[in-house]
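The values are calculated or read from the model by the stated rules, or taken from the named source; none is laboratory data. All values derive from a computational prediction rather than experimental measurement. In this analysis, Cβ positions are derived from the backbone assuming ideal geometry, glycine residues included, and neighbour counts consider all displayed protein chains. To get the accessible areas, we keep the full protein, side chains included, count just its heavy atoms, and leave off ligands, DNA and RNA. Shrake-Rupley method; radii C 1.70, N 1.55, O 1.52, S 1.80 Å.
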Amino acid sequence: MTPFTYERATSPEAAIRAVAGTPGAKFIAGGTNLLDLMKFQIERPTHLVDVRGLPLATIEDTPDGGLRIGALVTNTALAAHPRVKRDYGVVSRAIVAGATGQLRNKASVGGNLLQRNRCPYFYNVHTPCNKRVPGSGCSAIGGASRSLAVVGTSEACIAQNPGDMAVALMVLDAAVETMNAAGNTRSIPLAEFFRLPGETPEIEFALEPGELITAVTLPPPPAGTHHYHKVRDRASYAFAIVSVAAVLDEDGTGRVAFGSVAPRPWRVAEAEAALPEGPAAVVASAFDGAKPTHENAFKIPLAERTLALVIAEGKG
Amino acid sequence: MKFATPAGENPIDRLSVVGRPVPRIDGPRKVTGTARYAYERHDAVSNPAYGWIVGASIGRGRVVSIDTAAAQAAPGVLAVLSTLDFAPLAPGFRTTVHLFGGAQVQHYGQAIALVVADTFEEASAAAHLLTVEYEVAPGRYDLAAEAATAEPVADRDAPDYPVVDRIGDFEAAFAAAPVTVDQHYTTPDQTHAMMEPHATTAAWRDGKVTIWTSAQIVAWHRPDLAKWLGVTEGDVRLEAPFIGGGFGAKLIAQCDAPLAALGARAVGRPVKVTLQRPLVINNTTRRAGTHQHIRLGATRDGRLTAIGHVSLNGNLPGAFAEAAIAPTRLFYAAPNRYLTMKLAALDLAEGNDMRAPGEAPGLMALEIAMDELAEKLGMDPVALRIVNDTQVDPREPDRPFSERHFVECLRTGAERFGWDRRNPTPGAQSDGKWLIGMGMAGGFRLNLLLPSAARVRLEVDGGLTVETDMTDIGTGSYTILAQTAAEMMGVPLAAVTVRLGDSAYPVSAGSGGQFGANNATSGLYAACVKLREAVAARLGIDAADAEFRDGRVLSGDRSVALAEAVREGPLVAEDGITYGDLDEQFVQATFAAQFAEVAVDGFTGEMRVRRMLAVIDSGRVINPTTARSQVIGGMTMGVGAALMETLAVDVRHGTFITNDLGFYEVPVHGDIPHQEVVFLDYPDNKSSPMKAKGIGEIGLCGVAAAIANAVYNATGVRVRDYPITLDKHLAGLPRVA
Ligand SMILES: Cc1cc2nc3c(=O)[nH]c(=O)nc-3n(C[C@H](O)[C@H](O)[C@H](O)COP(=O)(O)OP(=O)(O)OC[C@H]3O[C@@H](n4cnc5c(N)ncnc54)[C@H](O)[C@@H]3O)c2cc1C
Ligand code: SF4
């Protein structure tokens, strides 16, 4: 860790001012991702603004029948919330499939969306990595890439978004509410929140410097059964190799997104439209243009088989 | 005491304390946090400084310069030790690596600097301020690419075997065999993944140093440390009372110990150092991966006529080969045999001992091959192993096994597990979406005899104090030593105090190679025999016919309280066990039959172990509770070996890139089902007066293959490349939807 200063924010505005006004400053919520990255010196903030004291930890019904989830709601609280369990089961299932009870108790909704990737080279500061040191090269291409992305990648970076919750939020058309340094708020559709790497893999999110996530909003729940299936190498406490979040209607239509296969939760409208034709058609469309490595090409057939499993579950 | 002839009846045979399921006596200290580990010795040293080790970030070459100025000027920094300012520490016992000093980089992660600061954070922050210039040399990091350069090599731990070990005419017998298996298998590099990383606290006083470290074998560390520090062995006090696991990683000193001591000397203050997990993985030792070629030839009724086993692996120049052929030498009968090991040079962290070295990876291959042979023969895999049992060393038919009850392990296991319910047709059993399979494998591991000594003192209050440099690496040594002393002296367990892991105590076998329990308790047995003689002498009783029971000494019609003997002061006895040639006259080994039931998700290929059973033949069981813990720990490690553990090498950088416990997955609770363990409990009177044998490694042996065979039975897809991850059989699974 490099030395840093620390303050507890007393209001969202003050927090944003502190981060926007201090070069190298960052928010910290649960710290479960940021502190690990700091210990490896991958992140080296000069100043930390702790947002945990802010009043952003409630879950409220919205007038349209949706839900507004404060950015500081813990992963545990969100997964256990009665309305989430009843109407947005895919979210509860995705969250409890991730990390461990201890981590979920600490992790916040905002921090979860902003968790960084799990490419092994990103973590080894002695190997080139465009995400860590822009322009240094990508060690994963031609290296250990079994866990990495197969679609949506670029020549510059093939890291996957490893999160679970975000995949579920993606099928629900969630949006991220933020406030910026000027005090303006905006709502960013989740589909636009995660950036593809292109030539700038170090830019991962559609946030301005100092922009604070205040909430995640969910529209009214879609009809259908909710599914989250996470495939991994051990029974728990492991990131997904492939995950599938889906809301399936009785008539065979529905929504589907794939996790750990792309730099962001991967939801493709045309692919989703092919759901009635079955998993092969969906995956062919969703992974059109995929560029897997020899180590992770299996993720595409695995995605198809996992979707088949989810559809079979949906039929009960 | 020299143990040169088979043990007759002795006080241990009473089994009033020994053989009982006594909970571990160090348990309360562990769960209350009062058992202090090497990095926590704040009770022993005040105000320690913190050392942070910097590892080389190249795989091979030289350090040209290290600019330490910025680090030296950083807050809290007390000293920066650069490898360029030290002569290379000569390689220690059982290793070819110099842990520090000099410009040469033998492998990625080799220690090149130690930053010492007031706090841990200051040391780690300053460590990142070093500027290191390297001269990179081309390295050899890819075993497959180096295979052609490999040379046949002797077995470090069994040098008497010919390098190319031939019996009969393997080629002719294999060619003539009506049923054959000819396959290649690979096992990956593995890390020990013990919970406690290597750690040391060191403090100097008047030219002498005390080193609190995480060492499995104290006496294997101390001479090297003295040499590296330029002091006499007597000037080094080493203490290792508690160790958070080792699995072979801590048999020999790693860089934390010399660097803590060198750092402490440099700053004139105690220093503590631990290795961060990426350094444990790239700086210390690994279990070396293997490429194994196995050929089996058999008659139609399943008798093996030919066994060929060639194992290739890679290691640093001059380092040893993983003896994957070791179990094949002795496990099954077959008149024609061809066994050899080949070693290629690889510039990776040194391959060295890890739990059941040789046997564990060897059986991962051999026991799949046996399953494949059974299938080709249309024979039950249990029956195949029974048919090929041998009661003698296949090389030297005049050399029998001391005790070998492998067939009983197999029969008992098959019965307990419900093996008759296995469907021999692979891919034919399902339960909803799950494909179900059963598999089994044999396990074999040598029993090793090493000298071991102890001191035992009868205190004036009637208590007994045991002292030996034996270690308890989480295994139960404290408990079984207390049981042994209590049994020998006829006192309750609670009267015994055990002190371990201190170089001031008599030298024991230490913990490793599953030789700890049998040898250390036998050394204590010897000391207790001496103490009994001293007690008898004081009481004027003939030791030969004295019985020690219930705190009394009985002889003829005399019955005297033990305490009488120490009325005028405590009695101390020290002795050790040494061995004759009973391990040459007889093969001494331990055996297992491992069974597993596995479910494979028919959609995703994910594997879950549903049931496991091990039937173990390892001599007398000194404590069924701690012995069972050893076996279920081994079985758990076997699940990891079968399904997930692998150190992925980046062959461009020469580094293990899966270098922490997030990337290197080991089983979690959810992966481990109910594990049943059965001990046959046949005392072996040729192994020691305890009649016990090793237990710490046999539990692992054969497990991975049993799981591999169960996965095959479930799916019909044979994977010969460990670990069996879902991507390796996905394409062969039945199509879905
Ligand atoms: C061992 C381990 C296993 C894990 N396994 C999984 C898993 O299986 N699946 C999974 O999905 N995740 C997993 N995770 C990741 C975990 O979900 C995240 O670490 C966690 O959700 C992050 O939340 P946090 O509040 O702790 O974020 P922090 O670590 O506090 O912050 C993360 C980032 O978000 C920023 N930030 C935080 N809050 C805000 C805000 N309100 N506005 C703007 N920026 C903000 C911080 O500046 C930082 O950059 C695992 C983590 C660990 C350590
Ligand atoms: S894939 Fe991305 S994160 Fe990984 S090394 Fe390449 S640039 Fe870095």
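Projecting the Cα atoms of B:145, B:453, B:54 onto the charge dipole of the protein assembly as shown (Cβ charges, centred on the Cα centre) puts B:54 farthest toward the positive pole.
Can you give the charge dipole size of the range A:30-126 about its Cα centre, rounded to the nearest 20 debye, using +1 on the beta carbon of Lys and Arg and -1 on the beta carbon of Asp and Glu? Could the numbers behind the result be given before it?
Details: 12 positive and 7 negative charges, 60 e Å.
Charge dipole, the range A:30-126, about its Cα centre: 300 debye, nearest 20.
Which of rounded, prolate or oblate describes chain B when judged by the alpha-carbon gyration tensor and an a/c cut-off of 1.5? Oblate, since a/c reaches 1.5 and b/c is not below a/b.
Would you mind telling me the antiparallel percentage of the DSSP bridges in chain B, rounded to 5?
Numbers: 103 of 136 bridges.
Around 75 percent of the beta bridges assigned by DSSP in chain B are antiparallel ones.
3J(HN,Hα) couplings calculated from phi for the range B:719-730 with the Karplus curve 6.51 cos²θ - 1.76 cosθ + 1.60 (θ = phi - 60°) are, in sequence order, 9, 10, 10, 7, x, 7, 8, 4, 4, 7, 10, 3 Hz; Gly and Pro show x.
Suppose we flag GluC sites (Glu not before Pro) only when DSSP calls them loop and at most 14 other Cβ atoms lie within 10 Å. Which is the longest uninterrupted stretch of chain B? Mind showing how you got there, number by number?
Working: sites that count: B:9, B:568.
Result, exposed sites excluded: B:10-567.
Using only side-chain charges placed at the Cβ, +1 for Lys and Arg and -1 for Asp and Glu, the dipole size of the range B:617-729 relative to its Cα centre rounds to 380 debye.
Counting only C-alpha contacts under 8 Å and six or more residues apart, can you give the relative contact order of chain B as a whole percent?
Numbers: 1994 pairs, mean separation 125.7, N = 737.
Taking the mean separation of contacting Cα pairs over the length of chain B, I get 17 percent.
Solvent-accessible surface of the range B:55-168, taken per residue with a 1.4 Å probe and all protein chains present: 44 Å². Expressed as a whole percent, the accessible area of the range A:91-183 that falls on carbon and sulfur atoms is 54 (1.4 Å probe). Strictly over 31 Å apart at the Cα level, which of A:131/A:230; A:39/B:342; A:131/A:315; A:26/A:299; A:299/B:433 would you flag in this model? Exceeds cut-off: A:39/B:342; A:131/A:315; A:26/A:299.
Averaging sequence separations of C-alpha pairs under 8 Å and six or more residues apart, then dividing by the length of chain A, give the relative contact order as a whole percent. All intermediate terms of the calculation are to be shown ahead of the outcome.
Details: 706 pairs, mean separation 55.5, N = 316.
This gives 18 percent for chain A.
For the range A:130-147, 3J(HN,Hα) computed residue by residue from phi via the Karplus equation (6.51, -1.76, 1.60; θ = phi - 60°) reads 5, 6, 7, 10, x, x, 7, x, 10, 6, 5, 6, x, x, 6, 10, 4, 8 Hz, glycine and proline entered as x. Considering only B:382, B:504, B:713, the residue lying farthest towards the positive end of the dipole of the protein assembly as shown is B:504, judged by Cα position with unit charges set on Cβ. DSSP finds beta bridges in the protein assembly as shown, and of those with both partners inside it, around 75 percent are antiparallel.
For the range B:335-493, calculate the relative contact order in percent as a whole number, restricting contacts to Cα pairs under 8 Å that are 6 or more residues apart.
On the way: 86 pairs, mean separation 21.4, N = 159.
Once normalised by length, the contact order is 13 percent.
Residues whose amide H falls under 5 Å from that of residue B:351, counting only those 5 or more places apart or on a different chain, are B:286, B:316, with hydrogens built in the peptide plane.
Please give the Cα centre distance for the range A:74-129 versus the range B:465-513, rounded to the nearest Å. First find each Cα centre; the distance between them is then 46 Å. Between residue B:61 and B:105, B:137, the built amide H atoms are under 5 Å apart, and every one of these is 5 or more places off in sequence or on another chain. Per residue, the solvent-accessible area of the range B:610-702 (1.4 Å probe, heavy atoms of protein chains only, all protein chains present) comes to 26 Å². Comparing B:103, A:130, B:289 along the charge dipole axis of the protein assembly as shown, the residue lying farthest to the positive side is A:130, per the Cβ-charge model.
For the protein assembly as shown, the dipole from Cβ point charges (+1 on Lys and Arg, -1 on Asp and Glu) about the Cα centre works out to 780 debye, to the nearest 20. Taking θ as phi - 60° and the Karplus parameters 6.51, -1.76 and 1.60, the scalar couplings of the range B:134-143 work out to 10, 10, 7, 9, x, x, 10, 10, 10, 4 Hz in sequence order, x denoting glycine and proline. Residues whose amide H lies under 5 Å from that of residue B:111, counting only those 5 or more places away or on a different chain, are B:56; hydrogens are built 1.01 Å from N in the peptide plane. In whole Å, how far is the Cα centre of the range B:626-667 from that of the range B:531-579? First find each Cα centre; the distance between them is then 49 Å.
Ellipticity at 222 nm from helices only: DSSP H runs of n ≥ 4 in the protein assembly as shown, each -39500 (n - 2.57), divided by the residue count, give -7000 deg cm²/dmol. Taking a ≥ b ≥ c as the square roots of the eigenvalues of the alpha-carbon gyration tensor, the range A:1-123 is classed oblate because a/c is 1.5 or more while a/b is no larger than b/c.
Pull out a ≥ b ≥ c, the square roots of the eigenvalues of the alpha-carbon gyration tensor of chain A, then state rounded if a/c is under 1.5, prolate if not and a/b is larger than b/c, and oblate in the remaining case.
Values: a/c = 1.87, a/b = 1.19, b/c = 1.57.
Because a/c hits 1.5 or more and a/b fails to exceed b/c, chain A counts as oblate.
Counting only residues at least eight positions apart within a chain, or on another chain, the lysines with an alpha carbon under 27 Å from that of residue B:693 are B:2, B:30, B:250, B:530.
Among the helices of chain B (complete DSSP H runs), which have Cα atoms covering no less than 24 Å along the helix axis and a Kyte-Doolittle mean of at least 0.0?
On the way: long enough: B:359-377 (25 Å, 0.38); B:516-539 (34 Å, 0.33); B:624-643 (28 Å, 0.59).
Going by DSSP H runs, the hits are B:359-377, B:516-539, B:624-643.
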